[in-house]
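A short reminder: the numbers here are calculations on the coordinates, not readings from a lab. These figures come from a predicted structure and were not determined experimentally. Here Cβ is always computed from backbone atoms with ideal geometry, including for glycine, and neighbour counts include all displayed protein chains.
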Protein chains: 2
Amino acid sequence: MDNSSSNHPPSPALIFQTLQAHHQTAALKAGIDLGVFTAIADGAVTVDAISAACAASPKGIRVLCDFLTIMGFVTKTDNRYGLSTDSQIFLNQHSPAYMGGIAKFILDDELTTPFRDLTAVVRKGGTTLPDAGTVSDDNPVWVEFARSMVPMMQMQSQMLPELIGGDVNRPLKVLDIAAGHGIFGIAVAKKFPNAHITALDWANVLTVAHENAVAAGVDGRHTLLPGSAFDVDYGGPYDVILLTNFLHHFPHAQNVELLKKVRAALADGGQAITLEFIPNDDRVTPPMAAGFALTMLGSTANGDAYPFSALDAMFRDAGFSSSTLHPLPPTPQSAVVSHK
Amino acid sequence: MDNSSSNHPPSPALIFQTLQAHHQTAALKAGIDLGVFTAIADGAVTVDAISAACAASPKGIRVLCDFLTIMGFVTKTDNRYGLSTDSQIFLNQHSPAYMGGIAKFILDDELTTPFRDLTAVVRKGGTTLPDAGTVSDDNPVWVEFARSMVPMMQMQSQMLPELIGGDVNRPLKVLDIAAGHGIFGIAVAKKFPNAHITALDWANVLTVAHENAVAAGVDGRHTLLPGSAFDVDYGGPYDVILLTNFLHHFPHAQNVELLKKVRAALADGGQAITLEFIPNDDRVTPPMAAGFALTMLGSTANGDAYPFSALDAMFRDAGFSSSTLHPLPPTPQSAVVSHK
């Protein structure tokens with residue numbers, strides 16, 4: 001997406017291409033929906049074979065596979081198609097890292113509606129969805145989210161427990177706020193064999209976290225706490241409270257109120273660990289983290305992609321003593337560790 | 001769009017970014033709709049000033065301008081925004097080359113509807129729009145098209161007359177099929193002072209061609225021929241027949257029938273000059289020309305981006321003796337000159 005560094009003579013080409021960038025989204029979604037990547041992985045490598053495997057017209061498959069080739073998801077040699085490395089790993093349904101399901105979430109009709117008239121969103125300064133947008137109570141979109149976002153967060157979930165210091169065998173009480181799929185708390189439970197995780201989310205979403213805890217063999221140390229993070233009694237005190245991909249949905253003042261509640265539930269010496277898309281103070285770099293602000297503008301009333309300085313201010317305003325920033329390359333996300 | 005040459009470790013990032021590529025389209029459209037580029041050109045360079053000039057919320061303008069910066073259309077230094085060279089030339093309404101109007105055409109609701117469910121389009125092998133899609137008779141989308149596509153075709157229109165050989169002062173009868181904005185025929189009229197142009201298109205579209213002929217001072221040598229290229233009597237014989245951005249809407253057999261009619265209307269020694277997005281035989285390079293096939297799949301029943309070999313076959317099947325390919329860099333299009 002970052003074209004700012006390119007040096008080219010004046011040309012309408014970039015404008016034209018950007019006005020058609022939605023074709024890229026549509027084509028990748030169609031490839032996933034039709035199972036094109038899985039068909040190719042299974043050995044259907046010609047237009048006719050893919051067409052038969054996917055129950056789609058040869059003309060449509062030819063044009064789609066060519067477009068997927070142009071985008072780099074598919075290869076084409078002598079009219080035979082193959083998969084890119086990314087597609088083999090992430091778009092083949094037989095791969096353990098299959099992530100085609102995120103298309104359902106990312107392109108959920110409700111989530112994409114505001115982007116069909118982003119002009120109205122910009123005028124208003126927040127989502128044009130009714131109520132609070134996607135953060136309304138028990139919104140079923142989060143069940144889909146919980147199921148489909150696991151592959152996107154796998155790498156972050158492996159890195160986050162490294163930020164918790166001390167002996168891995170010590171007892172550790174952990175609150176996983178807005179647990180969703182639960183994989184962040186579960187990763188902590190796997191690294192710390194005497195950790196106990198309390199996973200907080202809406203009841204419908206927690207069924208997914210529970211499934212994942214069972215699959216990971218940590219369900220004996222994984223308790224469900226259904227409700228809203230703003231309303232439910234956290235219990236505690238906790239040694240660690242996880243806030244993963246949560247604060248970006250809300251404005252500063254609402255986050256400060258939440259963080260006061262988080263701080264009150266922490267044991268002395270406890271830490272809050274936040275995972276976010278965190279742009280630099282210029283809010284335009286790095287591109288993925290900075291660009292996430294538009295996703296929040298369109299899908300929430302008052303959410304944002306906060307620079308570290310803004311997150312640090314929230315934690316200070318809530319009474320935390322200090323926060324430190326931890327980029328998590330190669331993921332586009334960063335963590336913030338805040339001390340009570 | 002072309003990511004095939006990039007070498008990166010396996011990562012879900014490209015998949016995630018592509019599923020959100022429609023945000024790029026939405027953001028550029030919002031910037032155009034709100035007049036953000038014109039506001040910046042007029043000296044509103046802070047969030048508050050742009051917000052006031054565009055009657056939009058400061059939050060929305062900040063997030064939008066940051067996103068436009070990430071994409072390279074806007075610059076940001078010390079919280080002051082500026083325009084990229086492309087934006088100064090093509091997106092500032094005060095610029096003579098302003099092309100913001102093409103957003104109206106490219107993102108016309110009718111044109112984009114099939115891309116919201118491209119899966120259905122691929123299954124079917126053609127547009128899911130009713131009737132013949134955008135090529136239905138007198139579709140008003142082509143009036144919008146005629147008005148807005150001029151800046152996109154300016155460079156091609158300057159190059160195309162160079163392909164007509166001979167003394168520029170000789171009399172020249174030219175038929176401009178599907179003239180639209182008329183600028184191709186008008187460009188020929190300007191280079192050949194004794195040329196007479198007959199511009200064929202639906203009557204509503206020809207009003208735009210006539211306006212442009214008057215503006216160029218060639219309306220005395222520019223006759224309007226309203227109707228469908230498939231039905232109307234061409235008259236003739238003509239020395240040159242222009243077929244610009246027309247054949248891609250139709251299948252081979254229909255084009256062959258049309259080209260027989262074109263050939264019959266040509267004088268001995270006459271030539272047909274075709275302008276198209278013409279991919280290589282692999283149909284995946286170069287990216288813009290090859291990617292145009294998806295636009296045709298979604299918006300027409302049987303259109304395509306034809307390689308030169310396919311166009312050459314059409315002309316031969318219609319009785320033409322020979323055709324030659326003429327790339328028109330730096331534009332993404334090419335011309336084909338075919339001899340009777």
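Computed values, structure above
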item	result
Helix runs (DSSP H) in chain B reaching 15 Å along axis by Cα, Kyte-Doolittle at least 0.0	B:21-34, B:58-71, B:203-216, B:287-299
Gyration tensor (alpha-carbon) shape descriptor, region B:71-115, a/c threshold 1.5	oblate
Averaged over A:109-122, number of beta-carbon atoms from partner chains that fall within 10 Å	6
Size-normalised alpha-carbon gyration radius of region A:1-120, reference 2.2 N^0.38 Å	1.19
Sorted largest first, extent of region B:148-233 alpha carbons per principal axis (Å)	34, 29, 22
Rg(Cα) / (2.2 N^0.38 Å) computed for region B:131-282, rounded to two decimals	0.98
Beta bridges by DSSP in region A:219-340, antiparallel share as percent, to the nearest 5	65
Charge dipole (debye, nearest 20) of region A:214-269; +1 at Cβ of Lys and Arg, -1 at Cβ of Asp and Glu	100
Long-range amide H partners of A:D176 with built H, under 5 Å	A:T198, A:A199, A:L200, A:L242
Neighbour net charge for A:H249 - beta-carbon separation under 12 angstrom, K R +1, D E -1	-2
Mean-position separation - Cα centroids, region A:47-77 and region B:91-133, in angstrom	22
Beta bridges per DSSP with both ends in chain A, % antiparallel, nearest 5	45
Radius of gyration and maximum dimension Dmax of chain B, Cα, Å	21.8, 66
Max mean-square fluctuation residue, GNM over chain B, Cα-Cα springs under 10 Å, options B:V214, B:V188, B:V256	B:V214
The protein assembly as shown - mean residue ellipticity at 222 nm from DSSP helices (-39,500 (n - 2.57) per run, n ≥ 4, rounded to 500)	-13000 deg cm²/dmol
Cα centroid separation, region B:195-219 to region B:141-194 (Å)	10
Percent antiparallel among DSSP beta bridges (both partners in the protein assembly as shown, rounded to 5)	45
Pairs beyond 27 Å (Cα-Cα), from A:K261/B:K76; A:K124/B:K76; A:K173/A:K340	A:K261/B:K76
Rounded Å value of the spacing that divides the Cα centres of region B:262-340 and region A:284-310	44
Only Lys, Arg (+1) and Asp, Glu (-1) charged, at Cβ; chain B dipole about Cα centre in debye	360
The protein assembly as shown: mean projected area of Cα convex hull, nm²	30.2
Residue mean of other protein chain beta carbons inside 10 Å, A:68-77	6
Inter-chain shielding of A:278-290 (mean C-beta neighbours from other protein chains, 10 Å cut-off)	4
Nearest-20 debye value, region A:215-338 charge dipole, Cβ charges on Lys, Arg, Asp, Glu	40
Per-selection Rg to Rh, region A:269-340 - Cα, Kirkwood hydrodynamic radius	0.99
Built amide H within the under 5 Å cut-off of B:S84, gap 5+	B:V74, B:T75
